[in-house]
Amino acid sequence: MTSPSKPRQKLLLFVAAADDPQRDAACATLAWLAPLEGAVCECYFHGRATGVHYGGGHPAFADPADLRGGTFAGGHHL
């Protein structure tokens, strides 16, 4: 017996520059509106990364790119 396939949920994908000052407000607004349209929302912020891993030192003395994390494996990311 074949089960009926479940319809795919709509996805609203928002991509913005990590340095954009409006990114958080835009992402929050889209995440709030997406369910009203029967969709889910994902936000991705692109920014320069140096490959340095998290941790160590005071954030005030770090390069902003280092605060975005570094390379990591898992969750189909690398």
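What net charge do the residues around Phe14 carry, taking every other residue with its C-beta under 15 Å from that of Phe14, with Lys and Arg at +1 and Asp and Glu at -1?
In short, -2.
For Cys41, which sequence-distant residues (separation of 5 or more, or a different chain) have an amide H within less than 5 Å of its own amide H, given hydrogens modelled in the peptide plane?
Sorted by chain and number, the residues that satisfy this are Leu12.
So how much slack lies between His46 and Ala28, counting 0.36 nm per residue of separation and subtracting their Cα-Cα distance, in nm?
Extra length available between His46 and Ala28 comes to 4.8 nm.
Compute the length gained on full extension between Ser5 and Ala62: take 0.36 nm times their separation in residues and subtract their Cα-Cα distance, giving the result in nm to one decimal.
Once the chain is fully extended between Ser5 and Ala62, it gains 15.6 nm.
Quick note: the coordinates plus some simple rules give every number you see, no bench work behind them. This structure is a prediction, so every number in the text was calculated from the model and none was measured. Methodologically, a virtual Cβ is constructed for each residue, glycine included, from the backbone with ideal geometry; neighbour enumeration extends over all protein chains shown.
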